[in-house]
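**Q** Got a structure for you, questions after.
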Amino acid sequence: MIRRSSDTPKVEACMFGGPGLLHATQILTKDEFAGKGRLCNFCVLHPGEAIGVHGHTKEFEVYYILSGTGTYIDNGHEETVSAGDVTICYSGESHGMINASTEDLTFFALILFSD
């Protein structure tokens, strides 16, 4: 199967009360996970935009940072992340991401079921 760029769903949404919008391209749709997960997106946060802090239950989310720098909130603890870093938010934990830099922050987001 090949999905052309013109047919790939794009999403722009305020996420969990964070300022601005998350700009996402859906790499896989929910129906393409064979019951193993629900999200695989290429994401962009422009300067000043954020994904608000939120939790996960019976699933976990991984971010793979492609470019830029951001502030990752890991269970209330803030850490700077940059290209090549991987973050993991397990079931029962919380996280968020802020782009406080002057450049776009790009990353892949993947949510897989854990129970």
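The values are calculated or read from the model by the stated rules, or taken from the named source; none is laboratory data. Remember, it's a predicted structure, so these values are computed and weren't measured experimentally. Note that each Cβ is placed from the backbone with ideal geometry, even for glycine, and that neighbours are counted across all protein chains shown.
**Q** Condition first: hydrophobic (A, V, I, L, M, F, W, C), farther than 16 Å from ASN41 by Cα and in a strand (DSSP E or B). Now tell me which residues in the range 58-88 satisfy that.
**A** Pass one, the range 58-88, residues hydrophobic (A, V, I, L, M, F, W, C): 60, 62, 65-66, 73, 81, 83, 86, 88.
Okay, now just the ones that are also farther than 16 Å from ASN41 by Cα, so 73, 81, 83.
ILE73, VAL81 - these are the residues of the range 58-88 that are hydrophobic (A, V, I, L, M, F, W, C), farther than 16 Å from ASN41 by Cα and in a strand (DSSP E or B).
**Q** What pairs come up if the first residue lies in the range 88-115 and is more than 11 Å from TYR63 (Cα to Cα), the second is among the acidic types (Asp, Glu) and assigned to a loop (DSSP other than H, G, I, E, B), and their beta carbons are under 9 Å apart, counting only those six or more places apart or on different chains?
**A** From the range 88-115, the pairs are SER91/ASP115; ILE98/GLU49; ASN99/GLU49; LEU105/GLU49.
**Q** Across the range 89-98, what is the number of residues that are under 14 Å from the mean Cα position of the chain (by Cα) and part of a loop (DSSP other than H, G, I, E, B)? Break it down into steps so the answer makes sense when it comes.
**A** Looking only at the range 89-98, we keep the residues that are under 14 Å from the mean Cα position of the chain (by Cα), and these are 89-90, 94-98.
Retained after the next criterion (residues that are part of a loop (DSSP other than H, G, I, E, B)): 90.
So the answer is 1.
**Q** If you take the residues in the range 1-32 that are of a type in the set (Lys, Arg) and surrounded by 10 or more Cβ atoms within 10 Å (Cβ to Cβ), which one is nearest to LEU45 (Cα to Cα)? Let's see the steps before the verdict.
**A** If we filter the range 1-32 for residues that are of a type in the set (Lys, Arg), which is where we start, we get 3-4, 10, 30.
From what is left, the residues that are surrounded by 10 or more Cβ atoms within 10 Å (Cβ to Cβ) are 3, 10, 30.
Details: ARG3: 24, LYS10: 14, LYS30: 22 Å.
For the range 1-32, the residue satisfying everything is LYS10.
**Q** Restricting the search to the range 30-57, which residues are assigned to a strand (DSSP E or B) and in contact with a Leu (Cβ under 9 Å, 6 or more places away or on another chain)?
**A** Initial filter on the range 30-57 (assigned to a strand (DSSP E or B)): 37-45, 50-55.
Within the range 30-57, GLY37, ARG38, LEU39, CYS40, ASN41, PHE42, CYS43, VAL44, LEU45, ALA50, ILE51 meet the criteria.
**Q** Surrounded by 15 or more Cβ atoms within 10 Å (Cβ to Cβ) and small (Gly, Ala, Ser), is that true of GLY84?
**A** Details: surrounded by 15 or more Cβ atoms within 10 Å (Cβ to Cβ): no; small (Gly, Ala, Ser): yes.
Taking the combined requirement at face value, the residue does not satisfy it.
**Q** Also, quick follow-up: Take SER82 and decide whether it is farther than 28 Å from GLU32 by Cβ, in contact with a Pro (Cβ under 7 Å, 6 or more places away or on another chain), in contact (Cβ under 8 Å) with a residue 12 or more places away in the chain and not acidic (Asp, Glu).
**A** no
**Q** Conditions: (1) under 16 Å from ILE88 (Cβ atoms); (2) assigned to a strand (DSSP E or B); (3) hydroxyl-bearing (Ser, Thr, Tyr). THR25 meets all but one. Number of the miss?
**A** If we test THR25 against (1) under 16 Å from ILE88 (Cβ atoms); (2) assigned to a strand (DSSP E or B); (3) hydroxyl-bearing (Ser, Thr, Tyr), just (1) comes out false.
**Q** Right, something else. Scanning for something free of Cβ contacts under 8 Å to residues at least 24 places away in the same chain and polar (S, T, N, Q), does the range 65-75 turn up at least one residue?
**A** Filtering the range 65-75 for residues free of Cβ contacts under 8 Å to residues at least 24 places away in the same chain gives 74-75.
Then keep just the ones that are polar (S, T, N, Q); that gives 75.
Checking the range 65-75: at least one residue is free of Cβ contacts under 8 Å to residues at least 24 places away in the same chain and polar (S, T, N, Q).
**Q** Right, next: Just a yes or no: is a residue in the range 35-55 touching an Asp or Glu at 6+ places or on another chain (Cβ under 8 Å) and over 21 Å from LYS10 (Cα atoms)?
**A** Yes - at least one qualifying residue is present in the range 35-55.
**Q** Let me ask something else about it. Would you mind finding the one in VAL53, VAL44 that is over 27 Å from SER5 (Cα atoms) and not small (Gly, Ala, Ser)? Lay out the reasoning, then the answer.
**A** Values: VAL44 fails: over 27 Å from SER5 (Cα atoms).
Testing whether each residue is over 27 Å from SER5 (Cα atoms) and not small (Gly, Ala, Ser) leaves just VAL53.
**Q** Take the residues in the range 1-22 that are at pLDDT 95 or above and among the small types (Gly, Ala, Ser); name whichever of them is nearest to GLY48 (Cα to Cα).
**A** Ranking the qualifying residues of the range 1-22, first place goes to GLY20.
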